[in-house]
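Student: Structure incoming, see below.
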Amino acid sequence: MTLESQSLDQVDRKLLSLLIENGRATSFALAEAIGRSATAIARRLRVLEDRGVIAGYAAQLDHAALGYPTIVHIKMTLESQRKEVLEAFEAAVSASPSVVRCDLMSGMDDYLVTVRTRDLSHFAEVHREELSHLPGVTRMESGFVLREVVKPRLPGGMLGS
């Protein structure tokens, strides 16, 4: 448990849990669910935002409904770990429009890159037009997501539940 999460009281934890369920909930609705005044809840929200616990608010989009149901994870290995190689790769992958996530990894592979595409033929196009042009890459291994089993969520116990 981090110092940040240890300093959250039960009201803060309940507030964060409610926001995870419905990020558009009003201070009034949150206050009603928690049993506090809307003013007190609004004040807590501001404090959590100022502390960086709440990093922002965003809509959760359904990629499939938008025509991008295919998720592909690509393990990439670079020619070296030199700073300029890493920086060139990271700049290029950040500019790649189909990449929705990229993580520097430990172990055999250097990066785990995630792309969203319309279908297999669209992935072939993304591979040819975007991924194959990334600098410093010596190996790519693609894996197609067949089904999301666990959707993105907070680790168990993070909010003390």
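The values are calculated or read from the model by the stated rules, or taken from the named source; none is laboratory data. Remember, it's a predicted structure, so these values are computed and weren't measured experimentally. Cβ coordinates were reconstructed from backbone atoms using ideal geometry, including for glycine residues, and neighbour counts include every protein chain displayed. Heavy atoms of the whole protein, side chains included, go into the accessibility calculation; ligands, DNA and RNA do not. Shrake-Rupley method; radii C 1.70, N 1.55, O 1.52, S 1.80 Å.
Student: Considering (1) in contact with a strand residue (DSSP E or B) (Cβ under 9 Å, 6 or more places away or on another chain); (2) at pLDDT below 95, say which one Met105 fails and leave the rest.
Tutor: (2)
Student: The conditions are (1) open to solvent by 40 Å² or more (accessible area, probe 1.4 Å); (2) touching a strand residue (DSSP E or B) at 6+ places or on another chain (Cβ under 7 Å), and Phe123 fails exactly one of them. Which is it?
Tutor: (1)
Student: Need the failing condition index for Asp62 against (1) outside any strand (DSSP E or B); (2) under 17 Å from the mean Cα position of the chain (by Cα); (3) farther than 30 Å from Glu21 by Cβ, just the number.
Tutor: If we test Asp62 against (1) outside any strand (DSSP E or B); (2) under 17 Å from the mean Cα position of the chain (by Cα); (3) farther than 30 Å from Glu21 by Cβ, just (3) comes out false.
Student: Can I ask one more? Looking only at the stretch 17-35, how many residues end up being closer than 17 Å to Leu159 by Cβ and either open to solvent by 20 Å² or more (accessible area, probe 1.4 Å) or at pLDDT below 95 (or both)?
Tutor: To start, the set of residues in the stretch 17-35 that are closer than 17 Å to Leu159 by Cβ comprises 17-23, 25, 30, 33-34.
Narrowing the set further to residues that are either open to solvent by 20 Å² or more (accessible area, probe 1.4 Å) or at pLDDT below 95 (or both) leaves 17-23, 25, 33-34.
Adding up the residues that qualify gives 10.
Student: Considering only residues that are part of a strand (DSSP E or B) and open to solvent by 90 Å² or more (accessible area, probe 1.4 Å), which ones fall in the stretch 91-116?
Tutor: Filtering the stretch 91-116 for residues part of a strand (DSSP E or B) gives 99-104, 111-116.
Those that are part of a strand (DSSP E or B) and open to solvent by 90 Å² or more (accessible area, probe 1.4 Å): Arg101, Leu104.
Student: Then there is this: Of all residues in the stretch 30-47, which are assigned to a helix (DSSP H, G or I) and more than 13 Å from Lys14 (Cβ to Cβ)?
Tutor: To start, the set of residues in the stretch 30-47 that are assigned to a helix (DSSP H, G or I) comprises 30-34, 38-47.
If the condition is that a residue be assigned to a helix (DSSP H, G or I) and more than 13 Å from Lys14 (Cβ to Cβ), then Ala38, Thr39, Ala42, Arg43, Arg46, Val47 are the ones that fit.
Student: Same structure again: Give all pairs with beta carbons closer than 6 Å in which a residue from the stretch 36-61 that is free of Cβ contacts under 8 Å to residues at least 60 places away in the same chain and surrounded by fewer than 13 Cβ atoms within 10 Å (Cβ to Cβ) meets a residue that is not in a helix (DSSP H, G or I) and not β-branched (Val, Ile, Thr); count only pairs at least 6 apart in sequence or on separate chains.
Tutor: Matching pairs, first to second residue: Tyr57/Gly23.
Student: Let me ask something additional. Can you name the residue in the stretch 135-152 that is touching a residue at least 40 places away in the same chain (Cβ under 8 Å) and in a loop (DSSP other than H, G, I, E, B) and, of all such residues, is nearest to the chain's Cα centre (by Cα)? Show your work before the answer.
Tutor: Restricting attention to the stretch 135-152, the residues satisfying the condition of being touching a residue at least 40 places away in the same chain (Cβ under 8 Å) are 135-145, 148.
From what's left, in a loop (DSSP other than H, G, I, E, B): 135-136, 145, 148.
Details: Pro135: 24, Gly136: 25, Val145: 16, Glu148: 14 Å.
The qualifying residue nearest to the chain's Cα centre (by Cα) is Glu148.
Student: Say whether the condition of being closer than 30 Å to Arg24 by Cα, out of contact with any strand residue (DSSP E or B) (no Cβ under 7 Å at 6 or more places or on another chain) and part of a loop (DSSP other than H, G, I, E, B) is met by at least one residue in the stretch 71-89.
Tutor: Within the stretch 71-89, none of the residues are closer than 30 Å to Arg24 by Cα, out of contact with any strand residue (DSSP E or B) (no Cβ under 7 Å at 6 or more places or on another chain) and part of a loop (DSSP other than H, G, I, E, B).
Student: State which residue pairs qualify: first residue within 9 Å of Gly136 (Cβ to Cβ) and open to solvent by less than 40 Å² (accessible area, probe 1.4 Å) and inside the stretch 68-88, second residue at pLDDT 95 or above and of a type in the set (Gly, Ala, Ser) in any location, beta carbons under 7 Å apart, and separation of 6 or more residues or different chains.
Tutor: From the stretch 68-88, the pairs are Leu78/Gly136; Val85/Gly136.
Student: If you don't mind, another one. Is it the case, given these coordinates, that Ser96 is touching an Asp or Glu at 6+ places or on another chain (Cβ under 6 Å) and of a type in the set (S, T, N, Q)?
Tutor: Numbers: touching an Asp or Glu at 6+ places or on another chain (Cβ under 6 Å): yes; of a type in the set (S, T, N, Q): yes.
The answer is yes for Ser96.
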